[in-house]
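Following: one structure in structure tokens, then a few remarks.
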Amino acid sequence: MKKNEQARLIRSYAEALYEVSDASGLSDKVLKEASDFAADFVQDPQIAVYLANPILSDSDKEKALSEVAKKRKLSKPMCGLLKTMAQNGRSDVLLYVMQDFKNVFYRKKNICPVLVKTVVDLSDAQKKKLVSAMEKYTGKKVVVDYQIRPELLGGLLIECESKIIDDSIKGKIDRLTLLMKGAV
């Protein structure tokens with residue numbers, strides 16, 4: 001399968017999951033389930049290996065996913081997705097559907113994901129001020145993910161939509177170095 005076809009397939013499953021979960025009022029719960037499921041794939045790569053194994057039958061994969069769903073008490077939309085993907089022989093792209101669901105959810109709910117990298121953890125007041133500024137900047141509700149990055153030396157680096165706001169000491173030093181070399 002070509003990458004474009006696979007991307008469309010992944011998006012169509014993620015969109016369908018959103019539509020079903022939103023119609024039943026469970027989209028927030030399904031977002032949490034999808035995030036937890038994706039985290040499991042990262043923590044235990046053998047899950048992806050199992051689901052992508054062409055030797056195992058789709059019915060075996062469906063049974064395994066059904067057991068996971070029961071054990072975790074997953075929502076009806078999520079159980080339906082797992083069953084449908086297994087029956088259609090698409091378990092190998094399940095991780096990507098879980099990850100893309102978050103993008104679909106944010107787009108449909110007009111939420112902008114923001115990544116903020118800092119040297120130290122921000123105080124609650126700083127976080128609140130930053131969220132308010134980013135919501136004003138984007139015109140959307142924002143969900144902020146914070147990362148501690150000592151190599152920035154100070155300041156912060158913000159990634160929002162396709163923009164990067166680099167107010168880090170490292171970024172300023174890098175720009176000054178380029179300026180001094182005459183590269184700018």
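If we keep just the residues of region 40-59 that are of a type outside the set (Val, Ile, Thr) and surrounded by 14 or more Cβ atoms within 10 Å (Cβ to Cβ), which is nearest to ASN88 (Cα to Cα)? Filtering region 40-59 for residues that are of a type outside the set (Val, Ile, Thr) and surrounded by 14 or more Cβ atoms within 10 Å (Cβ to Cβ), the one nearest to ASN88 (Cα to Cα) comes out as ASP58. Residue-level check: of (1) assigned to a strand (DSSP E or B); (2) modelled with pLDDT of 95 or more, LEU156 misses just (2).
Scanning region 150-171 for residues that are exposed (fewer than 15 other Cβ atoms within 10 Å of the Cβ) and either basic (Lys, Arg) or within 17 Å of the chain's Cα centre (by Cα) (or both) yields GLU161, SER162, LYS163. Among residues of region 24-39 being surrounded by 15 or more Cβ atoms within 10 Å (Cβ to Cβ) and not small (Gly, Ala, Ser), the one that is farthest from ILE111 (Cα to Cα) is PHE37.
Whether any residue in region 160-182 is part of a helix (DSSP H, G or I), under 29 Å from TYR18 (Cα atoms) and not assigned by TED's automatic domain parsing to the domain that holds LYS83 is what I want to check. Taking every residue of region 160-182 in turn, none turns out to be part of a helix (DSSP H, G or I), under 29 Å from TYR18 (Cα atoms) and not assigned by TED's automatic domain parsing to the domain that holds LYS83.
The values are calculated or read from the model by the stated rules, or taken from the named source; none is laboratory data. Since this is a predicted model, take the numbers as computed values, not measurements. Using ideal geometry, Cβ is built from the backbone for each residue, glycine included, and neighbour counts are taken over all protein chains shown.
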